[in-house]
Structures are given as C-alpha cells and as structure tokens.
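Structure, as structure tokens:
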Amino acid sequence: MNNTNYLRTVLVSIIALLFLIGLTAAAFGHGGMKHKSSSKETTKPHHKPKPKKEKKLLYRGCPSCHIKTNGDDYTLWGDVKRVFRNHRVSAPSGKPLNENTQVETCLECHAAKSNGKGIGAERSLRDIVHPAHLFSKDFQELNGTCFSCHNVEWDGRLVLLSRKIATNSKGIPKKIPIPGALRIRTYGYVSMNVFIGVVSALGLLNLLTLGLAYRRKNKS
Ligand code: HEC
Ligand code: HEC
Ligand code: HEC
C-alpha cells in the first residue's frame, strides 16, 4: 500500500519534471530562435524601399505623350505626317487635321467597322496603334502599357483615354468619371451579299403573297 503510494508519487514527479523541462525548453528555444532571427535578418518589406523623389514615368491619355516639345512635333498629326505621306488633311466633319487634332477626329475615319476596316479608311485606329505602340522600344521606355490609352469601366469594357489624365504617383486617376474617357464603338456593317440576300428574300415573299391572293380571288 505504502509502496504503491511512493511509486505513484515518484512517477507523477518525474512526469511533472519532464513536462517542466519541455516547457522551458520550448519557451527558451523558441524565444531564443526568434531573437536570433530578428537580429540577423532585417525584415524585408514587400515593396522595395523608394529611392528618394525619383519621378516615375507615368503617362495616361494620348496627349500626355503626343505633344509638341521644343522643336519636335510629337502631336498625333506630327506622327501621322512622319509615317504616312499624302495622308488626308481634313476630316469628314470638315475639321482640318493639324497639330491640335485630337483622337475623336481621327476616329471619324479610323473607327472600326464590323468587317474589320475603318469606317472611312482601310485601317482602323486600333489596328494601327496597338502594334505600333506595343512593339515600340520608345513606348516601352516611356513605361507604356494598355493603361496608357485605356481604362476599365464599371461594365468591364475598355474606354479610350483621349485627354491627358491627372493621376497620383501610381497612375490612379484623380477625377472620376475620367474626363475625356471615350466609349469604344464598332460600327455595324452589312456586307453586299447579306444585303442582296435580304432584298431577294423580301421579293420572293412578295411574289408568294401575290400568288396566294390571286388564287383566292379566282376561287371566289
Ligand atoms: C506613353 C506614351 C504614349 C501614349 C499615351 C500614346 N502614344 Fe502614340 N506613340 C508613342 C510613341 C513613343 C510613338 C512612336 C512609336 C515608334 O515609332 O516607335 C507613338 C506613335 C503613334 C502613332 C504613329 C503610329 C505609326 O504608324 O508609327 C500614332 C498614330 C499614335 N501614336 C497615336 C496615339 C493615340 C491615338 C493615342 C491615344 C489613344 C496614343 N498614341 C497614346 C507614345 C504614346
Ligand atoms: C478623312 C479620313 C481620315 C482622317 C480624319 C484620319 N485619317 Fe488616317 N488615314 C486615312 C486614310 C484613307 C489612310 C490610308 C489608308 C489606310 O491605311 O487606312 C490613312 C492612313 C493613316 C495611317 C497610316 C497607316 C499605315 O498604313 O501605316 C495612320 C498612322 C493614320 N492614318 C493615323 C491617323 C490619325 C492619328 C488621325 C488623326 C490625327 C487620322 N489618321 C485621321 C483617313 C483618315
Ligand atoms: C496607343 C494607345 C493604345 C494602347 C497602348 C492600347 N490601346 Fe487598345 N485601343 C486603342 C484605340 C485607339 C482603340 C480603338 C478606339 C475606337 O475605335 O474607338 C482601342 C481599342 C481596343 C479594344 C476594343 C475595345 C472595344 O470595346 O471594342 C480592345 C479590346 C483593346 N483596345 C485592348 C487593348 C489591350 C489589351 C492593350 C494592351 C496590351 C491595349 N489595347 C493598348 C488604343 C490603345
């Protein structure tokens, strides 16, 4: 009786001792490791530390890049003259094309038709500017991306940034809705085959109804 009591006490003491050793080891070990690591590794922020006041190249909207600087004409019209000789010099609305021309005027001819062409030119502006910018080294050096010319609207569609957009240092627009954000349209186009098809079908229908009316008249 006494013996078993004694044994039990010893067993409980040993277990308690082991538990205590474990506990202190865990506390010291962990604490110690933590201390070690925080003294050795400097905590790395997710973002790189900013170099002081380096101005980021951030341009949104055609006229933020397409401007006339001292001597160089980088306006839309200036670039057109550089890449295409004998380009038309006025828009269908009668507006002359010059260094003040904005993209809306270009779209009078270069908006897209659903047959893939421009509404008043062979090529749509999207077919011209997408490759001309996205494969351009100069555009890359200006940090150009889709968001240089576009914004995603509430309905998930892209709009065209026709004006220079005021943004914060991350490119987020200051004014909402963005001034000069144009909805992008594709104009309907009825091909000649569809047109002829519809007219012939209507003609046939006409003949049919006429024929039926004639038969009815003859019967009565
Ligand atoms: C981030 C600056 C930037 C923005 C914004 C920008 N462009 Fe440009 N654009 C350029 C550069 C740079 C070139 C010259 C590309 C080259 O030749 O390497 C260029 C060239 C062009 C050209 C000549 C294309 C050709 O055939 O060579 C047209 C047209 C043009 N841009 C229209 C536009 C229109 C329209 C917008 C707005 C919807 C626009 N750009 C916005 C930088 C920009
Ligand atoms: C009166 C209609 C009209 C207007 C307005 C117009 N264009 Fe054009 N543009 C044409 C036609 C036509 C061509 C030659 C056929 C083609 O390539 O689409 C052309 C060709 C071009 C080309 C050469 C494409 C190539 O093959 O390399 C560029 C670039 C261009 N236009 C940009 C512009 C820009 C930018 C504006 C506004 C400043 C503008 N256009 C306004 C009718 C127009
Ligand atoms: C230089 C300016 C410029 C850049 C950069 C640019 N786009 Fe565009 N984008 C345009 C123009 C101009 C149109 C045609 C606008 C119109 O016809 O009204 C257009 C039209 C589009 C359309 C058709 C949208 C619609 O509702 O029909 C899509 C999609 C598009 N762009 C995607 C992109 C993507 C993706 C990128 C980047 C990889 C990009 N764009 C970069 C100028 C640009």
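The values are calculated or read from the model by the stated rules, or taken from the named source; none is laboratory data. Because the structure is a prediction, the values reported are computed rather than measured. Backbone-built Cβ (ideal geometry, glycine too); neighbour counts: all protein chains shown.
A compact table of results
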{"read-out": "Odd one out for K117 among (1) away from ligand 1 (no atom under 13 Å from the Cβ); (2) crowded, with 18+ Cβ neighbours inside 10 Å", "value": "(2)"}
{"read-out": "Close pairs (7 angstrom Cβ cut-off, 6 or more residues apart or separate chains): in contact (Cβ under 8 Å) with a residue 24 or more places away in the chain and in a loop (DSSP other than H, G, I, E, B) in the stretch 72-83, more than 6 Å from ligand 2 (Cβ to nearest atom) and not hydroxyl-bearing (S, T, Y) anywhere", "value": "T75/H66; T75/I67; T75/K68; T75/E99"}
{"read-out": "Count - residues of the stretch 88-110 that are assigned to a loop (DSSP other than H, G, I, E, B) and within 12 Å of ligand 1 (Cβ to nearest atom)", "value": "3"}
{"read-out": "Some residue of the stretch 55-65 being surrounded by 11 or more Cβ atoms within 10 Å (Cβ to Cβ), more than 8 Å from ligand 1 (Cβ to nearest atom) and in a strand (DSSP E or B)", "value": "no"}
{"read-out": "Looking only at the stretch 132-143, and only at residues there that are closer than 18 Å to R82 by Cβ and in a loop (DSSP other than H, G, I, E, B), the one that is farthest from ligand 1 (Cβ to nearest atom)", "value": "F135"}
{"read-out": "Residues located in the stretch 177-220, provided they are small (G, A, S) and over 17 Å from I119 (Cβ atoms)", "value": "G180, A181, G197, S200, A201, G203, G211, A213, S220"}
{"read-out": "Candidates K174, K95, K117 - the one that is in contact with a helix residue (DSSP H, G or I) (Cβ under 9 Å, 6 or more places away or on another chain), of a type in the set (K, R) and within 20 Å of I67 (Cβ to Cβ)", "value": "K95"}
{"read-out": "Test for N143: is it more than 13 Å from ligand 2 (Cβ to nearest atom) and surrounded by fewer than 16 Cβ atoms within 10 Å (Cβ to Cβ)", "value": "yes"}
{"read-out": "Cross-chain or 6+ apart pairs with Cβ under 8 Å, the stretch 177-194 first and under 18 Å from G120 (Cβ atoms) and at pLDDT 95 or above, then among the polar types (S, T, N, Q) and surrounded by 14 or more Cβ atoms within 10 Å (Cβ to Cβ)", "value": "L182/S162"}
{"read-out": "Close pairs (6 angstrom Cβ cut-off, 6 or more residues apart or separate chains): farther than 20 Å from V159 by Cβ in the stretch 113-128, surrounded by 16 or more Cβ atoms within 10 Å (Cβ to Cβ) anywhere", "value": "G120/C109; A121/C109; A121/H110"}
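A quick yes/no check of all residues on (1) surrounded by fewer than 16 Cβ atoms within 10 Å (Cβ to Cβ); (2) among the charged types (D, E, K, R):
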| position | (1), (2) |
| --- | --- |
| E122 | yes, yes |
| L125 | no, no |
| P131 | yes, no |
| H150 | no, no |
| W154 | yes, no |
| R157 | yes, yes |
| L161 | no, no |
